[in-house]
Every structure is written in structure tokens, then in C-alpha cells.
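Worksheet for the structure shown next.
The values are calculated or read from the model by the stated rules, or taken from the named source; none is laboratory data. Just so you know, these numbers come straight off a predicted model, no measurement behind them. All Cβ positions, glycine included, derive from the backbone under ideal geometry; neighbour counts span all protein chains shown. The protein model used for the area step is the full one, side chains on, heavy atoms only, and it has no ligands, DNA or RNA in it. Shrake-Rupley method; radii C 1.70, N 1.55, O 1.52, S 1.80 Å.
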Amino acid sequence: MTPSAALSPISDSQPARRLPLYVAGAIVATALLLAGLLVLVNDPVWWRGYLAAMVVSILAAAASLLPLMWGIRHGLTQAVAGYFVSAGLRATISLGGSALAVIKGNYPRTATMLLMVVFYFAVLAVESVTLARGIWSAKA
């Protein structure tokens, strides 16, 4: 890899520019899937956990987009750094927000944490695939 490749944007492709839309779609799709499963569970405690997990996950996903989008726009090295910062930020906000909801908001522990993890992995998958596509198509 040449030094200029590390400094140039990794991709001018649509997936990199549409990352916020893809993340929003992942959140909505996960929310719908989990809502369908919770209808089958038929337990109001899980619905409370679902609400807390969804709010925390939306906040975490929004915050994690910033470093990843910055990295994608600034080159391969920065994209990888942005990806790790993004994952760490999302994990911190997800776990911290869920813990806050459980401890201070009296939301159910198991439901909140378990459902938050499902949202976390959905966003992680979308961000990983988008970054991989951008890196794969980068000019070396």
C-alpha cells in the first residue's frame, strides 16, 4: 500500500455514503423483529426492557456513526481507527445506558441487557459489512 492510499478516502461508493441509512434500517428491522417475538412472549416486563434497550441503542448507534464516517472519509488507516473507536463508543454507551436504565430507571435487568445486545450486534454487523466493502474496493 502506498502512503497516498492510506490518506485518500477509502471509497466513493454508495455503501459508504449511505451508512447512516443502513444503520437506521438495521435498528428498525431489529426493533420490528424483536417486537414480533415479544408479542409471542406476552410479558409486560420484556416490553419495558425493549423500550429501554431501543432508546439506548439508538443513542449509541448515532454516536458511533461519527468516528466511522470521519474515518471512511479520510483514508484506510483512519477508517480502521474510526471503526475501533466507533465500536468502543457504541459498547460504552450501550452498556452504560442500559446499566443506568436498570439501576436508576428500575427497568428489568435481563430484558434490557439481552435486548440491547441484539441491537448492538445488528448495528455492528451493518457497520462491519459497510467498512469491509469500502476497504475491499479501495485503490491500493
TODO: Along Cα→Cβ, 7 Å out, is where each label goes; now give me the distance between the ones at LEU66 and ARG17 in nm to one decimal.
DONE: 2.4 nm
TODO: Measure of size requested: the Rg and Dmax of the range 92-140, with Cα atoms as the atom set and Å as the unit; please supply both.
DONE: 15.7, 52
Open item on the list: Given the DSSP H assignment, sum -39500 (n - 2.57) over each helix run of at least 4 residues in the chain and divide by its residue total; what's the result at 222 nm in deg cm²/dmol, nearest 500?
Closed with: -29000 deg cm²/dmol
Task: the chain, accessible area per residue, ligands and nucleic acids excluded (1.4 Å, Å²) - done: 55 Å²
Open item on the list: Need one word for the chain: rounded, prolate or oblate. Basis is the Cα gyration tensor (sqrt eigenvalues a ≥ b ≥ c); a/c below 1.5 gives rounded, then a/b vs b/c decides.
Closed with: prolate
- [ ] Quantify, in whole percent, the carbon and sulfur part of the accessible surface of the chain (1.4 Å probe; protein heavy atoms only).
- [x] 73 percent
